[in-house]
Amino acid sequence: MTPLLLLPGLICDERVFAAQLDAFPQAIAVHGYGLADSLAEMARIALAGAPARFALLGHSMGARVALEIMRIAPERVTRLALVSTGVHLPREGEAEKRYALRDIGRSDGMAALVDAWLPPMFAAAHQQDEALIAPLRQMCIDVGLPMFEAQIAALLRRAEVESLLPTIRCPTLIAVGREDVWSPPEQHAEIAALVPHARFVVIEGAGHMLPVEAAEAFNTEITDWLDEPVTTAHAIA
């Protein structure tokens, strides 16, 4: 059984993939990226601890790290899933929004930063769900401000990646929650259009924290992706 490597996003660790680690015995989650302040360095950290070949799933920033792995070592990736993410370069106002959160962390502490950042990452129906949010809140607080600062530095210095998408040859899943306001479905449709033979799915009732919010539906999509055969079209696209 081919290992499944899971890459977490901004101020997340393997806890964001708890439901996937339970469902897929071949899954391995990267705990974190240390204080790496570039996506390429995060990719090298993930590769250093990875099996020789693996299916690769990245969530949010983790999907951007996954694309850096596709740039560095595509021969090691048997299939790719990009979840709740984007491929665009920094947009107007992005730096200011990220620095505003950083400044909350610096002045009021990591808990205040997380309380400002995390709830909007969930679908509206989940934003008051303490059982759902509390474990992720603690995860993000545990990760800490130095890692947040390193990761936003990496995101704000990210390299162009759209030209890489048409070169991807392996079975590829592009997945997003219907209520993801940070990385909306239309953004994922644009990504899917650039990846040859990608499968694009929108999962109802979830926001940006799709692996947690709609774990059962998401796991079904992962199963279908892992079962998707590699065809001649993948090889010659």
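The values are calculated or read from the model by the stated rules, or taken from the named source; none is laboratory data. Because the structure is a prediction, the values reported are computed rather than measured. Note that each Cβ is placed from the backbone with ideal geometry, even for glycine, and that neighbours are counted across all protein chains shown. Surface accessibility is based on the protein's heavy atoms, side chains included, excluding ligands, DNA and RNA. Shrake-Rupley method; radii C 1.70, N 1.55, O 1.52, S 1.80 Å.
Percentage of Cα-Cα pair distances in the range 120-237 greater than 17 Å, rounded to whole percent?
Working: 4588 of 6903 pairs.
That tail contains 66 percent of the Cα-Cα pairs.
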Completion exercise
With every protein chain in place, the accessible area of Ser38 for a 1.4 Å probe, in Å² rounded to the nearest 10, comes to 40 Å²
Problem - GluC sites (Glu not before Pro) within the range 93-184, DSSP loop, no more than 16 other Cβ atoms inside 10 Å - result: Glu160
Practice task
Springs between alpha-carbon atoms under 10 Å, Gaussian network over the chain: tell me which of Gly62, Gly93, Gly49 tops the mean-square fluctuations.
Solution key: Gly93
Exercise for the section: In a Gaussian network model over the chain where Cα atoms closer than 10 Å are linked, find which of Pro90, Pro74, Pro171 has the largest mean-square fluctuation. Expected result: Pro90
Handout entry: Hydrodynamic radius (Kirkwood) for the range 1-112, which is based on Cα pairs only, to one decimal in Å
Key = 14.9 Å
Problem - Semi-axis lengths, Å, the range 73-148, gyration tensor of Cα atoms, sqrt of 5 times eigenvalues - result: 25, 19, 14
Practice task
Give the calculated FRET efficiency between Glu92 and Asp22 to the nearest 0.05, with a Förster radius of 35 Å applied to their Cβ-Cβ distance.
Solution key: 0.30
Practice task
Per residue, how big is the convex hull around the C-alpha atoms of the chain? Give it to me in cubic angstrom, could you?
Solution key: 109 Å³
Practice task
Provide the solvent-accessible area of Thr167, counting protein heavy atoms only and rolling a 1.4 Å probe, rounded to the nearest 10 Å².
Solution key: 80 Å²
Exercise for the section: Could you check which residue among Ala116, Ala27, Ala214 shows the biggest mean-square fluctuation in a GNM of the chain with a 10 Å Cα cutoff? Expected result: Ala116
Exercise for the section: Grab the beta carbon distance between Leu194 and Ala134, set R0 = 25 Å, and tell me the FRET efficiency rounded to 0.05. Expected result: 0.10
